[in-house]
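Written out below as structure tokens is the structure these notes cover.
FYI, it's all coordinate maths here, none of it is from the lab. Owing to the predicted nature of the structure, the values given are computational and were not obtained by experimental measurement. Reconstructed Cβ throughout: ideal geometry from the backbone, glycine too, with neighbour counts over all protein chains shown.
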Ligand SMILES: Cc1cc2nc3c(=O)[nH]c(=O)nc-3n(C[C@H](O)[C@H](O)[C@H](O)COP(=O)(O)OP(=O)(O)OC[C@H]3O[C@@H](n4cnc5c(N)ncnc54)[C@H](O)[C@@H]3O)c2cc1C
């Protein structure tokens with residue numbers, strides 16, 4: 001019996017979120033005396049796949065089939081369900097990322113297995129913790145079926161890498177052309193930026209910046225730190241910033257190691273998307289801004305004065321190290 | 001085109017979250033309930049727009065008690081033609097999806113448009129589950145949806161960008177922001193909603209695959225460490241050395 005982790009490859013590399021999921025899978029396997037197995041769909045390099053051994057995966061089932069190079073929820077569900085049977089898996093682990101969010105509920109129905117979406121830590125006493133009410137509370141979920149599916153929230157745990165190498169085994173699921181229902185017409189990737197949900201460091205700004213022309217200092221800081229940029233809904237709504245940067249209850253939920261909020265009031269709906277960040281820094285002219293109550297560090301001051309100094313200090317620090 | 005939109009009822013975004021009975025029950029006293037924003041603003045409005053362009057019918061389905069009537073009437077006021085309420089407590093996503101699939105399997109919908117997730121349990125499950133129950137294609141995190149000649153063209157979010165895909169109907173779509181502009185129901189809509197059909201049906205028995213054992217609130221409010229605005233370098237030092245954030 002085993003724990004099976006669904007691992008995704010992007011541009012030849014294992015997705016960071018998938019690596020976290022594989023680590024979660026291995027830890028769960030270890031705790032339950034099971035084997036840690038991964039399944040990968042689509043073409044990928046053998047060396048990259050074998051490197052899953054570093055996070056404790058002993059075997060990778062690899063369907064090296066070009067039809068899987070694009071995500072198709074129906075075909076993927078069939079293939080992963082078959083891998084679950086092949087590996088006699090009692091746990092299925094995936095990342096709670098864009099594809100995992102759709103694949104997991106489909107698998108739950110197909111396997112009739114209880115599913116916890118967005119687990120934030122390893123299971124304890126048979127319970128799975130996840131955030132609810134948009135981060136305003138957490139809940140411990142119990143799964144009532146023998147087979148269990150867990151989707152791990154990105155950035156919830158840091159994989160510890162060892163020296164192992166996984167065995168890669170060819171896997172040929174019985175998926176017919178008719179199971180592929182989506183035809184990909186094109187992709188539009190924002191190049192040169194870090195996907196917000198995968199970023200360790202995030203620099204974010206709101207209406208306090210007065211206008212889109214003032215984002216230079218935010219982008220500069222993001223560049224210096226290797227951070228992603230985010231924004232409040234208020235500024236995405238008026239098109240000062242692209243919609244994909246909007247975080248909060250109706251935008252993205254993120255949990256980076258560092259979230260720097262410049263000129264954002266900290267409305268409850270905004271906090272809902274960012275309050276599980278490990279360290280929160282707030283820069284705001286208003287000492288009464290609600291964001292200060294959720295912050296670890298703060299400066300009461302004008303962004304237009306503070307940010308140039310902040311950037312200069314970071315530049316100096318980076319130069320010294 | 002015949003479109004089904006599942007709608008959920010959630011606590012208003014500003015609600016105070018509290019638990020009782022040894023942290024096993026969410027306290028609903030004093031909580032205002034609303035239609036889940038993603039369902040209302042994006043899924044329902046886009047469904048109504050497609051119907052207005054191409055003809056057809058929009059049906060909303062809700063799993064919940066009689067106290068959900070207000071939300072259902074709002075959906076009808078925004079533009080849905082009729083509603084179905086499955087009279088049951090929506091405690092488990094699998095259970096809810098099974099009810100919706102059970103209704104949809106005999107109705108031949110061209111499209112089922114769900115919101116990507118609810119703002120209470122944030123679980124992102126119902127759309128995908130309904131698709132699997134009905135063995136239909138499904139695309140999630142959809143920001144753009146057009147239909148022509150029985151084929152849907154969709155733009156979905158992927159990590160670091162978007163992807164455009166085509167899918168032959170029927171299918172399930174999980175909507176997110178940008179798919180449509182929120183609508184405020186007008187007087188005519190509100191008046192009309194009163195007489196639109198709302199069928200109440202019993203739940204089909206189905207298993208609940210998960211249970212919430214307990215809830216917890218986050219630890220007490222953090223104590224912020226304030227640094228003087230003339231000492232920005234000190235903040236950067238703290239972030240580097242104390243918080244080890246970079
Ligand atoms: C149902 C619903 C869902 C919502 N979902 C979201 C969501 O997902 N995400 C989200 O972000 N919002 C959401 N909102 C909106 C939210 O309530 C706030 O309106 C929004 O977050 C405010 O954005 P802001 O902080 O940029 O702007 P404001 O509230 O206008 O705050 C600007 C801040 O900048 C400060 N400031 C001004 N000048 C300066 C300066 N020179 N230097 C430094 N600071 C300065 C001000 O003191 C103020 O605190 C939602 C609202 C509703 C009703």
Next item on the list: Obtain the nm distance between the two label points defined at residue B:194 and residue A:85 by a simple spin-label model: each point lies 7 Å from its Cα along the Cα-to-C-beta direction.
Entry: 5.7
Notebook entry, point to check: For chain A, modelled as a Gaussian network with Cα springs under 10 Å, which listed residue fluctuates most, A:182, A:191, A:90?
Noted result: A:191
Next item on the list: Please label the shape of the protein assembly as shown as rounded, prolate or oblate, based on the square roots a ≥ b ≥ c of the eigenvalues of the alpha-carbon gyration tensor (a/c under 1.5 means rounded; beyond that, a/b larger than b/c means prolate, else oblate).
Entry: oblate
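Which value in deg cm²/dmol, rounded to the nearest 500, describes the helix-derived mean residue ellipticity at 222 nm for chain A, given -39,500 (n - 2.57) per DSSP H run of n ≥ 4 and division by the residue count?
Numbers: 8 runs with 88 residues, N = 321.
My calculation for chain A gives -8500 deg cm²/dmol from helical runs alone.
Summarise the partner chain shielding of A:27-37 as one whole number: the mean count of Cβ atoms from other chains within 10 Å of each residue's Cβ.
On the way: counts 0, 0, 0, 0, 0, 0, 0, 0, 0, 0, 0.
The per-residue average across the peptide is 0.
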Next item on the list: Give the shape of the stretch A:1-118 as rounded, prolate or oblate, defined through the alpha-carbon gyration tensor: a ≥ b ≥ c are the square roots of its eigenvalues, a/c under 1.5 means rounded, and otherwise the shape is prolate if a/b is larger than b/c and oblate if not.
Entry: rounded
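Arranged by the count of other C-beta atoms within 10 angstrom, fewest first, what order do B:171, A:217, B:129 take? All intermediate terms of the calculation are to be shown ahead of the outcome.
Numbers: B:171 25, A:217 19, B:129 28.
Ordered from fewest to most neighbouring Cβ atoms within 10 Å, B:171, A:217, B:129 come out as A:217, B:171, B:129.
Quick check on the stretch A:196-320: take the gyration tensor over C-alpha atoms, sort the square-rooted eigenvalues as a ≥ b ≥ c, and tell me if it's rounded (a/c under 1.5), prolate or oblate. Can you show the working numbers first?
Values: a/c = 1.29, a/b = 1.25, b/c = 1.03.
Rounded, because the longest to shortest axis ratio a/c is under 1.5.
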Item checked: Degrees between helix A:303-320 axis and first principal axis of chain A (Cα, 0 to 90, nearest 10) -> 60
Margin query: Only counting other Cβ atoms within 10 Å, I'd like B:139, A:306 sorted with the fewest neighbours first.
Written below: A:306, B:139
Next item on the list: Would you mind telling me which residue in B:225, B:144, B:74 has the biggest mean-square fluctuation in a Gaussian network model of chain B, where springs connect alpha carbons within a distance under 10 angstrom?
Entry: B:225
Margin query: Roughly how far apart, in whole Å, are the Cα centres of the stretch A:251-321 and the stretch A:162-196?
Written below: 35
Notebook entry, point to check: Which angle from 0 to 90°, rounded to the nearest 10, does the C-alpha axis of helix A:216-225 make with the longest principal axis of chain A?
Noted result: 50
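For peptide A:136-147, compute the average count of partner chain beta-carbon atoms within 10 Å of each residue's beta-carbon.
Mean partner shielding for this stretch: 6.
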Item checked: Highest-first arrangement of A:252-258, A:111-117, B:158-164, where packing means the average Cβ count within 10 Å -> A:111-117, A:252-258, B:158-164
Check: How far, in degrees from 0 to 90, does helix A:73-86 lean away from the longest principal axis of the Cα atoms of chain A, to the nearest 10?
Finding: 50
Margin query: Among A:95-106, A:162-173, A:49-60, how do they line up by average Cβ neighbours within 10 Å per residue, starting with the highest?
Written below: A:95-106, A:49-60, A:162-173
Next item on the list: May I ask you to sort B:107, B:233 by Cβ crowding, counting other Cβ atoms within 10 Å and putting the fewest first?
Entry: B:107, B:233
Next item on the list: Pop the C-beta distance of residue B:67 and residue A:169 into the FRET formula with R0 = 45 Å and round what comes out to the nearest 0.05.
Entry: 0.25
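Shielding by partners for B:14-23, please: the mean number of other protein chain Cβ atoms within 10 Å of each residue's Cβ. Working shown, then result.
Working: counts 3, 3, 2, 5, 1, 2, 0, 0, 0, 3.
The per-residue average across the peptide is 2.
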